[in-house]
Amino acid sequence: MIKKYDIIVVGGGHAGIEAASAGARMGCSVGLFTMDKNALGRMSCNPAIGGTAKGHLVREIDALGGEMGKIADRSGIQFRMLNKSKGPAVWSPRSQNDRKLYSFEASNIVASIENLELVEESVVEVVVEGKKVVGVRTATGKEFGCGALVLSSGTFLNGLMHTGLKTVRGGRFGEQPAVGITESLVKIGFESGRLKTGTPPRLKKDSINWEILEEQPGDEDPKPFSHFTDTDNFPFLPQLSCFITYTDQSVHKTLEKGFDKSPMFTGLIKGVGPRYCPSIEDKIVRFADKERHQLFLEPEGLDSDLIYLNGFSTSLPEEIQLEALHKIRGLEEVEMVRPGYAVEYDFFPPHQVDLTLETKLIEGLYFAGQINGTSGYEEAAAQGIVAGINAALKIQKRPEFVLKRSEAYIGVLIDDLVSKSTDEPYRMFTSRAEHRLLLRPDNADRRLFKYGYEFGLIPKEDYEEYKKREVLIQSGIEFCSNNKISFKAINEFLSEKGSSLVDSSETISKICKRPEIKLKEILASDGFSSEIVKNLLNDEQALEQVEIELKYEGYIKRQFETIEKLERYEDVKIPLTLNYFDLKQLSTEGREKLARFRPRSIGQASRISGVTPSDISVLLIYLKS
């Protein structure tokens, strides 16, 4: 055996970086294995981070002490807050990033972490003794030992790239697939499957007619992802615009000419593709009533001549892609630098992992990212940090870390995977979170800093600053709930705002509930001399938290009451060794699903498809007896 690490992480993508960073910063020796040390954090698909619900995940990763938010801030060339016209529960930060710089910043972070060693080797086999992982074997025949292993192999497991009827082995353009890992896991007893994802063509910037396209600039006052980014000097890079164009019926008809050579329609691709990010040919078939589809032209970097055509993912023949592109407004003379392609790869249905992301079959083996059937950088990174933390906790013989659905989108993501599994690429949406008003991106630190600090991933000075701000927030809420403004004083202000007048004194909190009223304006207009008010007006972050808490007080209270009721089921634990086939009162499907998923609690059992309310009643009676 060449060397032994506490933790080995296989794969240098977004999940692998978070897992390796968390494990090493928690004091474990970590070997991060990658086939190409220059490809760390490489953005395989679009050069962007965040977006609807995904931005929530990035903020949560950051609040746990992860790296993605910091890297995105350092490499961002456009920042936008999506859904700002809606309520705060669905506000979603998004950044356009310089592809090369993102990978460069990721490499710098990995290189700066103590206890973390980068190993440029291709892992081909997971080595197991009994039911416990003990190491890996590489393509060169070397063996490396470990106490815990995190597999975060992305789209590289037996990867095949398709363009038309042409198929090339690989997990990403110009990169070889990972061969051997799937086979070694199946031999142990794991169940594997095939999934598909895709990417659009890359276009030459100077060949596009920008003047006739619709411009989409970033925010005038952009906000960073990371709680630790210096906002005084933010953003760090020049900011660029994206642009919008559309397909039309002539484009659709041109694409249809290539359907007889489509690897997806001819059955060449066996893997299931992403429902919520379909290829352009899939859109034409599934949404035949739509006359056009929106496309976004996104820059790949400050010094790059490449443009990413978001919304035009395809695996049609190269000549069909180019012919269709030339019929799109603004792209009449465009040069295609690289055609779009689909990637087909192995994954392991996630009912085989626990809520810690440790596999149920092999102790010390963790799966994170697309190996669990997810899509997206953010979903991968979220799993990576949870797997890395739990791998370190296992090595250190400390209690495991599980996030509840009511605590974080990360908790929703992992619970969905473990309790429901998936046979198609899973993508996070705000609609998947039943408590989304509590799980906002703006309060990620208030929900998760305590865990990051406990694991040593959040510095003490930042945690102390957070605690001071929390005291200010609670004091601000109390002040606004207990202090009234005379109706004479407030009516002048309400009149200026076009808001209905009052005939008696009202508390600040009640006035603040009006959608057209801003708390900052109330506090500044009335000239309060309170030290609390002064501190709030000097702390934009605390002020925002107080305002949201006041405006949505009733809704927030109801969500907490719902959580309290549901938590009773979460607290009823089910022994993992329970033989469900001995419980004859359970439905046949219920027995099969419960035996397959092995839920930890009644709450988790109730979310498994096929487990009925009567099955839950049977389990409750059995557990009480």
Residue within segment 209-227 that is under 25 Å from the mean Cα position of the chain (by Cα), loosely packed, with under 14 Cβ neighbours inside 10 Å and in contact (Cβ under 8 Å) with a residue 60 or more places away in the chain present: yes
Select the helices (runs of 4 or more DSSP H) contained entirely in segment 1-94, then report the ones holding at least 2 residues which are under 23 Å from G174 (Cβ atoms). 14-25, 68-75
Only one of L403, L413 is under 16 Å from the mean Cα position of the chain (by Cα), crowded, with 21+ Cβ neighbours inside 10 Å, assigned to a helix (DSSP H, G or I) and touching a residue at least 12 places away in the same chain (Cβ under 8 Å); which? L413
Which condition from (1) part of a helix (DSSP H, G or I); (2) free of Cβ contacts under 8 Å to residues at least 60 places away in the same chain is the one that L501 breaks? (1)
Evaluation of L82 against (1) buried (at least 23 other Cβ atoms within 10 Å of the Cβ); (2) not assigned by TED's automatic domain parsing to the domain that holds L403 (one fails), failing number: (1)
Answer yes if at least one residue in segment 104-124 is closer than 28 Å to G50 by Cβ, at pLDDT 95 or above, assigned to a loop (DSSP other than H, G, I, E, B) and touching a Phe, Trp or Tyr at 6+ places or on another chain (Cβ under 8 Å), and no otherwise. no
Give the residues of segment 360-388 that are among the hydrophobic types (A, V, I, L, M, F, W, C) and either within 10 Å of V150 (Cα to Cα) or outside any helix (DSSP H, G or I) (or both), sorted by residue number. L361, I362, L365, F367, A368, A387
Can you find a residue that is exposed (fewer than 15 other Cβ atoms within 10 Å of the Cβ) and touching a Gly at 6+ places or on another chain (Cβ under 9 Å) anywhere in segment 534-547? no
Tabulated pairs, segment 292-309, first touching a residue at least 24 places away in the same chain (Cβ under 8 Å) and among the β-branched types (V, I, T), second part of a strand (DSSP E or B) and crowded, with 16+ Cβ neighbours inside 10 Å, C-beta under 9 angstrom, 6+ apart or interchain: I307/R202; I307/L203; I307/F243; I307/L297; I307/E298; I307/P299
Does S207 fit the bill of being in the same structural domain as S262 (by TED's automatic domain parsing) and among the small types (G, A, S)? yes
So the check is Cβ under 9 Å with 6+ separation or different chains; which pairs have a first residue in segment 230-243 that's outside the structural domain of L306 (by TED's automatic domain parsing) and surrounded by 14 or more Cβ atoms within 10 Å (Cβ to Cβ) and a second one that's part of a helix (DSSP H, G or I) and modelled with pLDDT under 95? none
Only one of (1) buried (at least 18 other Cβ atoms within 10 Å of the Cβ); (2) among the hydroxyl-bearing types (S, T, Y); (3) more than 27 Å from P349 (Cα to Cα) fails for T163. Which number is that? (3)
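Out of segment 126-160, which residues are outside any strand (DSSP E or B) and of a type in the set (F, W, Y)? Steps first, answer last, please.
First, the residues of segment 126-160 that are outside any strand (DSSP E or B): 130-131, 139-142, 152-156, 158-159.
Within segment 126-160, just F156 meets the criteria.
The values are calculated or read from the model by the stated rules, or taken from the named source; none is laboratory data. Only a predicted model underlies this, so the values are computations on that prediction, with no experimental measurement involved. Heads up, the Cβs are rebuilt from the backbone with ideal geometry, glycines too, and the neighbour counts pull from every protein chain shown.
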